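*Asks:* Mind looking over this structure? Questions follow.
Coordinate-derived values only; no laboratory data. Every value quoted in this text rests on a predicted model; they were computed, and no experiment measured them. Neighbour counts run over all protein chains shown; Cβ positions are idealised from the backbone, glycine included.
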Amino acid sequence: MYPEMMVIPMREELTRLGIEELRTAADVDRAIPNQPGTTMIVVNSICGCAAGRMRPAVRAALQHSSRPEKLFSVFAGQDKDATERARSYFGGYPPSSPSIALLRDGKVVHMMQRSDIEHREAVDIAAELKGAFDKFCAQPAPVS
């Protein structure tokens, strides 16, 4: 674990976007199970290259017209119990940090793991997230 003072800016980079940070397993269990609608869970990380691209990509993607209804993050390597509990909801995906899970009605519908993030630019990561938001988060047009 790194000193908390070192990770505060990385935590705040997401919380300033309205992403609620889950710091304990109990926080995760209150926030995630059986959530109707769409939920994005960001597994934040101190890793310079991958996380340094992931956080700006999330910021850009959340400016898109369609986006998840609920936004959460856990911090790998810092909030161990919360991270392990969040990963337990990722059904079959191995632990990866950073990573971004998009759930619909409690089930993973799109997952970006470190291998999907680390060699890409933030703009490309954001484009993939926006595509997933369009596919899974867009609200259907009202029926007249």
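*Asks:* Could you point to the residue in P95, A25, M40 farthest towards the positive end of the chain's charge dipole, with +1 and -1 charges on the Cβ of Lys/Arg and Asp/Glu respectively?
*Replies:* So the residue furthest toward the plus end is M40.
*Asks:* Additional query: Show me the helices of the chain, taken as full DSSP H stretches, that run 24 Å or more along their long axis by Cα and average 1.6 or above in Kyte-Doolittle hydropathy.
*Replies:* Working: long enough: none.
Once both thresholds are applied, nothing remains.
*Asks:* Once Cα extents along the principal axes in Å is worked out from the coordinates, which option in (i) 41, 36, 31; (ii) 56, 33, 28; (iii) 69, 36, 32 does it equal?
*Replies:* Comparing each candidate, only (ii) matches the computed number.
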